[in-house]
Amino acid sequence: MRPRDDTFRFFALCVLVLSLFALPALALEPHERLADPALESRARDIGRNLRCVVCQNQAIDDSNAEVAADMRRAVRERLVAGDSDAQVFDFMVARYGDYVLLRPPFRPGTWVLWLGGPLVLLVAGAALVLAARRRRPAAPPPLTEEERKRLSVILSEAKDLPLQPAGPSASPLDDKRA
Amino acid sequence: MNRALFLLPLLMVAVLAGFFGWSLLAGRDPASIGSVMVGRPAPKLAAPALRKGEPALDESLLKSGRPVIVNFFASWCAPCLAEHPLFMRLAERDRATIVGIAWKNKPDDARAWLARLGDPFKYAGTDLDGRLGLDWGLSGVPETYVIDAQGIVRLHFRGPITERDLDRILPLLRGGS
């Protein structure tokens with residue numbers, strides 16, 4: 001192997017290993033950050049769970065949209081003003097509805113969403129169990145007196161018969177008989 | 001019973017097909033973010049005036065006892081250009097009270113845009129940093145709100161209004177005046 005290939009492989013491996021440690025890029029600009037690390041970490045938690053209203057399925061922390069930046073600023077302003085996390089979420093829901101929550105609330109309107117999957121799993125599981133039970137043959141009914149007699153006759157006749165048909169590979173039993 | 005179980009997958013496919021069919025035919029748009037503003041009292045209104053020498057915009061505009069249209073626009077926004085003639089018509093022909101808010105738009109640019117195209121706004125304000133827009137649940141420009149004489153938001157359009165939307169806007173304007 002030429003040394004050049006080795007260099008290339010080593011380089012490729014480095015890139016691969018480094019990519020394992022890659023984090024999703026934050027859209028958050030340095031100047032947006034709060035000086036207080038505790039508040040900033042709460043703002044990040046909230047920002048990860050608020051949905052950008054113009055980019056479908058991105059959190060506001062990951063979005064470069066203008067509105068997302070406004071929302072990040074509003075989150076920080078509310079936190080600095082002393083709001084709890086729940087109050088900040090309420091603030092956003094009051095303006096944009098449940099749409100802004102990446103984790104939808106559990107309400108009658110969202111029951112299908114939350115319970116639909118588990119329910120289908122449950123029903124399907126129950127159906128499988130039922131089907132499996134049905135397929136297992138039921139225990140046969142006990143023999144009648146008449147059947148018992150016939151069975152004993154058959155068994156006694158079978159004693160006189162060879163256990164295996166005689167053939168080229170005869171068993172020792174056959175030898176005795178011969 | 002066992003046979004009926006085999007029909008279950010078929011039934012599920014039928015239900016899904018029905019849902020997809022309904023979504024297509026009823027024009028359901030899963031990307032639509034809807035609006036929570038409709039049916040609620042209009043959000044707070046406070047904005048510096050866009051035109052020089054006019055007083056700042058405040059709550060009282062929405063409580064004049066007449067229906068009001070509030071339109072967020074920007075000179076950099078192409079769909080705003082598209083809907084602009086409709087607002088001119090609403091202002092001139094229907095004498096609608098229209099409040100324009102220049103969103104994230106340099107006042108000079110917004111003023112030049114209105115000078116060039118015509119100014120349909122009875123009141124015009126600016127929202128340079130998007131704070132007012134956020135309070136109104138704005139996702140971008142253009143967006144338009146129709147507020148009735150009682151100050152309740154009746155319609156909220158995300159995106160440019162079209163001819164067809166006038167059919168919903170005009171009755172509201174007449175109903176309250």
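Observations on the model:
- Test: residue in region A:52-68 that is among the polar types (S, T, N, Q) and more than 22 Å from residue B:31 (Cα to Cα): no
- Condition broken by residue A:96, with the remaining ones in (1) hydroxyl-bearing (Ser, Thr, Tyr); (2) open to solvent by less than 80 Å² (accessible area, probe 1.4 Å); (3) away from chain B (no Cβ under 12 Å) satisfied: (3)
- Meets criteria (away from chain A (no Cβ under 14 Å), small (Gly, Ala, Ser) and assigned to a loop (DSSP other than H, G, I, E, B)) for residue B:34: no
- Residue that is most open to solvent (accessible area, probe 1.4 Å), among those in region B:95-140 that are in a loop (DSSP other than H, G, I, E, B), more than 10 Å from chain A (Cβ to nearest Cβ) and in contact with a Leu (Cβ under 9 Å, 6 or more places away or on another chain): B:95
- Qualifying residue in region B:74-93 (condition: part of a strand (DSSP E or B) and away from chain A (no Cβ under 14 Å)): no
- For region B:7-31, the set of residues classified as at the interface with chain A (Cβ under 10 Å from one of its Cβ atoms) and open to solvent by 90 Å² or more (accessible area, probe 1.4 Å) consists of B:12, B:30, listed by residue number.
- Any pair with Cβ under 9 angstrom, 6 or more apart, that starts in region A:125-143 at a residue that is within 14 Å of chain B (Cβ to nearest Cβ) and farther than 14 Å from residue B:8 by Cβ and ends at one that is assigned to a helix (DSSP H, G or I) and open to solvent by less than 100 Å² (accessible area, probe 1.4 Å): A:134/B:2; A:135/B:2
- Of the numbered criteria (1) out of contact with any strand residue (DSSP E or B) (no Cβ under 7 Å at 6 or more places or on another chain); (2) more than 30 Å from residue A:76 (Cα to Cα); (3) surrounded by 20 or more Cβ atoms within 10 Å (Cβ to Cβ), the one residue B:175 fails is (3).
Here's the yes/no breakdown for (1) surrounded by 15 or more Cβ atoms within 10 Å (Cβ to Cβ); (2) more than 8 Å from every other protein chain (Cβ to nearest Cβ); (3) under 32 Å from the mean Cα position of the chain (by Cα):
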residue: A:47; (1), (2), (3): yes, yes, yes
residue: A:57; (1), (2), (3): no, yes, yes
residue: A:83; (1), (2), (3): yes, yes, no
residue: A:90; (1), (2), (3): no, yes, yes
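- Members of region B:126-152 found to be more than 13 Å from residue B:68 (Cβ to Cβ), more than 15 Å from the chain's Cα centre (by Cα) and not aliphatic (A, V, I, L, M), listed by number: B:126, B:127, B:129, B:130, B:131
The values are calculated or read from the model by the stated rules, or taken from the named source; none is laboratory data. All values reported here derive from a predicted model rather than from experimental measurement. Neighbour counts run over all protein chains shown; Cβ positions are idealised from the backbone, glycine included. When the accessible area is computed, the model is the full protein with side chains, heavy atoms only, and any ligands, DNA or RNA have been set aside. Shrake-Rupley method; radii C 1.70, N 1.55, O 1.52, S 1.80 Å.
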